[in-house]
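Okay, so here's the structure we're looking at.
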Amino acid sequence: MTTTESAPAAGTAAARAPRGRARGDVQGTRRLAALLLSPTLLVLALVIGYPVLAGFRESLYSRGEGLDADGFVVEGDRFVGLGNYTAIFQGDRADAFWNAFSNTTFFTLTTVVLETVIGVAMALIMQQAFRGRALVRASILVPWAIPTAISGLLWRWIFQADGAANAVLRQEILWTADGFPAKTAVVIAEVWKTSPFIGLLVLAGLQMIPRDVYEAARVDGAGPVQQFFRITLPLVKPALLVAVLFRMLDVLRMFDLPAVLIGVNQKSVETLTMIAWFEASNLRYGSAAAYATVLFLYIALIAYLFVKLLGADIIGEARQKNRRPRAVRTPRGGRRAAA
C-alpha cells in the first residue's frame, strides 16, 4: 500500500522539478537582462529624465523683477507654482498659446497624411524592377538627405514674389508673408523633404513580403487593387505605423523649417516650439519651460494613444504574451502542446 501511494508522489515530484528549474532559468535570465540594461537605463535617466524634471522645476519659477505681497521689489527667481501654466491657458499669453497649438496640430495632421500617401507611392515605385531603378531610388532619397535649413532656404527662393512658384502658377501670391499661403508653403516644403523617410521604411517592409503570396493571389484572380489592400497593406502595416509615429513626433517639434522659410513671430506658422524659443530668448525661462512641458505632455499623449489604438510595434513584438505554448486536450483525454 505504501509502495502504491509513493509512486504517484514520486511522479508528481519529478514533474515539478523541471518546472522549478525552468522558472529559475527565467528569473535568472530576467536578472541578467536587467543587469545588462542598467547602464543604458542610467544614461537615459541622466540624458532624458533629469532634463524633464529640471524643466518642470523651472516652470514653477519666474525670473526677473516683481513685487511681493508687501509691495517690495523682488529680483531673481520667484516661486509662482502653477502661475506660468495659468498664464498660458487663461492669462495674457493664452491667445498666443492656442494659436501655436492649432498650428502645430494642423501641420501634424496635414503633413503626415500627405507624407504617408506619397511615401507609400514612392515605396511601390522603388519596389518595381525596371531599368534605372537604382537612379530612381537615389533621386527619391535626395530631399531627405538635404539639411532642413538648406531646404528652407531653397524653398524660400522658390516661394519669393518673383520666384519659380509664381512663375509656374502665373499669379502673384505672397507665400512667405503671414497668412494661409505661408502655411501652404510650409506644408509643401515639409512634405517634399520628409516623404522619402516614410517611403524608405515602407520599402523595407515591402521587401520582407514573399513573392509567392502575390503569385498565389494572381492565380486566384486577385487584381492589383485587391492585392494592395488585402496583401501589401496588411503585411506592411507594422513598418508603416512606426514610420507614421516617428513622423508625427517629429512634426510636433517643428521649428527650423517655418523659422527659415517664413520667419519667427509669424502667427500663421508659429508652433509650440517656436513660442517656447521666443520666451527663452526674452529671458522668460519659467514661461518657456512651461511651454516645453506642455509640448512634452502633448507628444507623450499622442504617442501613447497612437500605440494603444493602432498597435504600432515600437519594440519589435518583444512582449509576445500569446506566443507561449499552451496545453490542449486531445480527443482521448491526453494533452499536447499547441502554439
Only residues that are of a type in the set (A, V, I, L, M) and either in contact (Cβ under 8 Å) with a residue 12 or more places away in the chain or closer than 15 Å to residue 252 by Cα (or both): list them for region 92-120, please. 96, 100, 109, 112, 113, 114, 118, 120
Out of (1) in contact (Cβ under 8 Å) with a residue 40 or more places away in the chain; (2) under 26 Å from the mean Cα position of the chain (by Cα), the odd one out for residue 178 is which? (2)
Taking the conditions exactly as written (in contact with a helix residue (DSSP H, G or I) (Cβ under 9 Å, 6 or more places away or on another chain) and either closer than 30 Å to residue 288 by Cα or among the acidic types (Asp, Glu) (or both)), does residue 112 satisfy them or not? yes
Filter region 258-285 down to residues that are among the aliphatic types (A, V, I, L, M) and either under 17 Å from residue 155 (Cβ atoms) or in contact with a Ser or Thr (Cβ under 6 Å, 6 or more places away or on another chain) (or both), then give me how many there are. 7
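Every residue, every condition in (1) modelled with pLDDT of 90 or more; (2) open to solvent by 40 Å² or more (accessible area, probe 1.4 Å), yes or no:
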residue: 70; (1), (2): no, yes
residue: 78; (1), (2): no, yes
residue: 87; (1), (2): no, no
residue: 91; (1), (2): no, no
residue: 102; (1), (2): yes, yes
residue: 109; (1), (2): yes, yes
residue: 115; (1), (2): yes, no
residue: 127; (1), (2): no, yes
Of all residues in region 199-234 being of a type in the set (Val, Ile, Thr) and open to solvent by less than 70 Å² (accessible area, probe 1.4 Å), which is nearest to the chain's Cα centre (by Cα)? 202
Inside region 134-167, can you point out the residues that are of a type in the set (A, V, I, L, M) and more than 22 Å from residue 269 (Cβ to Cβ)? 134, 135, 136, 138, 140, 141, 142, 145, 167
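Residues checked against (1) basic (Lys, Arg); (2) over 30 Å from residue 206 (Cβ atoms); (3) in contact with a Gly (Cβ under 9 Å, 6 or more places away or on another chain):
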{"position": "118", "(1), (2), (3)": "no, no, yes"}
{"position": "143", "(1), (2), (3)": "no, no, no"}
{"position": "149", "(1), (2), (3)": "no, yes, no"}
{"position": "160", "(1), (2), (3)": "no, yes, no"}
{"position": "173", "(1), (2), (3)": "no, yes, no"}
Please verify whether region 152-169 includes one or more residues that are open to solvent by 60 Å² or more (accessible area, probe 1.4 Å), within 27 Å of the chain's Cα centre (by Cα) and under 23 Å from residue 243 (Cβ atoms). no
Taking the criterion of being surrounded by 14 or more Cβ atoms within 10 Å (Cβ to Cβ) and not in a helix (DSSP H, G or I), would at least one residue in region 179-187 satisfy it? yes
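The values are calculated or read from the model by the stated rules, or taken from the named source; none is laboratory data. Owing to the predicted nature of the structure, the values given are computational and were not obtained by experimental measurement. FYI the Cβ positions are ideal-geometry reconstructions off the backbone, even for glycines, and counts take in every protein chain you see. The accessibility values were calculated without ligands, DNA or RNA, using every heavy atom of the protein model including side chains. Shrake-Rupley method; radii C 1.70, N 1.55, O 1.52, S 1.80 Å.
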